[in-house]
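Shown next, in structure tokens, is the structure this report addresses.
The values are calculated or read from the model by the stated rules, or taken from the named source; none is laboratory data. Given the structure is predicted, the values throughout are model-derived calculations rather than measurements. With ideal geometry, Cβ positions are generated from the backbone for all residues, glycine too; neighbour counts draw on all protein chains shown. The accessibility values were calculated without ligands, DNA or RNA, using every heavy atom of the protein model including side chains. Shrake-Rupley method; radii C 1.70, N 1.55, O 1.52, S 1.80 Å.
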Amino acid sequence: MMDFVKGAQELFEYTREMRRDFHMHPELGFQEFRTANIVAKELTKLGMEVKTGVGQTGVIALLEGKSAGPVVLVRFDMDALPIQEETGAEYASVNAGVMHACGHDGHVAVGLTTARILNSLRNEFNGTVKFMFQPAEEGLGGAERMIEDGVLENPSPDVVLSLHVWNEKPVGWLGVVPGTVMAAADTFTIKIHGKGGHGASPNLTHDPILAASQVVNLLQGIVSRNISPLKSAVVSMGSIHGGEAFNVIPSDVELKGTIRSFDPGIRDMVIHRIHHIAENTAHALECEAEVEIKTITPAVNNHPGVTSRVQAVAGRLFKNDDLDFSTITMGSEDMAYVLQKIPGCYFFIGSANPDKKLDASHHNPKFDFDESILPKAVALMVASTIELLGTA
Ligand SMILES: [Zn+2]
Ligand SMILES: [Zn+2]
């Protein structure tokens, strides 16, 4: 079998060219028409059976090995974000207000390079590689849409692999962690209804701004007072709106925030406490609170058995002191929905390089990552896929 690190490095020009092209032409979730078109064209060139329009703009392709065997699903997300790019890179976005600020341009390029290498090795493994190029990962439900459209059927995958370039860690670092690696994400909206009136006659009003202020303060007590110091969760406010004029007490205030958690029991408790605090505090101040919770994604859970096989592959390919088997993040990912149904491993490739000023955080207008990590991502994806399929 080939030297995967060397093989991926030999295709670096291709990977980088693809990545820069996707970076220049970013598309928002469910609008990845150009991207999906290029993906379909590149996979068709390799002779694969390609299906487009899965979950609106998703692409599926099958690659058959030498003889029958397991089915390994490899998943790459394709969408960009509604952000005006400020990197000044020569390959910066030409689409105003749209930017690949999470690195999904790199994921698509890694996916296409992975397909090229696996295609060249198809007589050396058994089973089937199923490629899943997914739209709309950024909170719009792309994974769920592809699942509804049958990405996990005909054939049904036995194992799934996916990855993220990761600017929270430097080039060289590699995170392959069993168990829960990313948090469950929910949003909450609290509408506080009072009775508006003149700012000079507060006694005639039921002030929703005062009630909202108390609610914001008390919500911060959930993590510090209700959750065991040995466990974790996040309750963050992201938006507060109410009132227009300096001398008018408004009738309504709306608060929005997010909950992050690893443990379903803790998540339920946080939601219960948000209801309790908002409704009773509003009530104490003669207002009414309406709480609405919306689930974005469950937690991302890596299967211990699959993950330990990817760890072993990573150990064979790379220096062991680069490998991190324990770091987890409060970020979230809709890959969680796939991992709820199919055992798998979602791993992270450190991509920040402060010396080259490539270390802005994900979703920042200056976000960019060090492209030299792309072959490493390809090598680990290819080698792990073959490890899970078995050699012919
Ligand atoms: Zn993102
Ligand atoms: Zn992302």
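Numbers below:
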item	result
Calculated FRET efficiency for the pair residue 21/residue 256, C-beta based, R₀ 30 Å, to 0.05	0.25
Between 0 and 90°, nearest 10: helix 104-120 axis offset from the chain longest Cα axis	20
Simple spin-label estimate for residue 230 and residue 330 in nanometres, 7 Å along Cα-Cβ	2.1
In sequence order, calculated HN-Hα J values of segment 353-364 (Karplus, 6.51, -1.76, 1.60; Hz; x Gly/Pro)	9, x, 4, 9, 6, 10, 9, 5, 6, 4, 6, 8
Spin-label pair residue 316/residue 44, simplified geometry with 7 Å Cα→Cβ offset, distance in nm	3.6
Span per principal axis, largest first, for the Cα atoms of segment 313-392 (Å)	44, 30, 21
On Cα atoms only, tilt of 304-317 relative to the major axis of the chain in degrees	60
Long-range HN-HN contacts of residue 58 with modeled amide H, under 5 Å	53
Zone residues, segment 132-173, relative to residue 292, backbone N less than 19 Å from point 7 Å out along Cα-to-Cβ	139-141
Sulfur and carbon atoms: percent of accessible area, the chain [1.4 Å]	50
Kirkwood Rh and Cα Rg combined as Rg/Rh, segment 294-348	1.02
Computed FRET value (nearest 0.05) for residue 13 with residue 341, which takes r as the C-beta separation and R₀ as 41 Å	0.65
Convex hull per residue volume in Å³, alpha carbons only, for segment 251-392	165
Solvent-accessible area per residue for the chain (1.4 angstrom probe, square angstrom)	43
Alpha carbon convex hull of segment 171-326, projected area averaged over orientations, nm²	12.0
Rg(Cα)/(2.2 N^0.38 Å) for segment 18-125, N = residue count	1.16
Inter-site label distance for residue 92 and residue 276 at 7 Å from Cα along Cβ, in nm	5.1
The chain, Rg to Rh (Cα coordinates; Rh as Kirkwood inverse mean 1/r)	1.05
Pairwise centroid distance, computed over Cα atoms, of segment 134-160 with segment 306-368, Å	20
Paramagnetic reach from residue 64 in segment 104-126 [backbone N under 18 Å; point 7 Å along Cα→Cβ]	118-126
Residues of segment 187-204 with amide N under 16 Å of the 7 Å Cα→Cβ point at residue 248	194-202
Range in the chain, longest, excluding exposed chymotrypsin sites (Phe, Trp or Tyr not before Pro) [loop by DSSP; at most 14 other beta-carbon atoms within 10 Å]	1-245
Fully extended contour minus Cα-Cα distance, from residue 119 to residue 156, at 0.36 nm per residue	11.3 nm
Acute angle (nearest 10 degrees) that the helix 264-284 long axis makes with the longest principal axis of the chain, alpha-carbon atoms	20
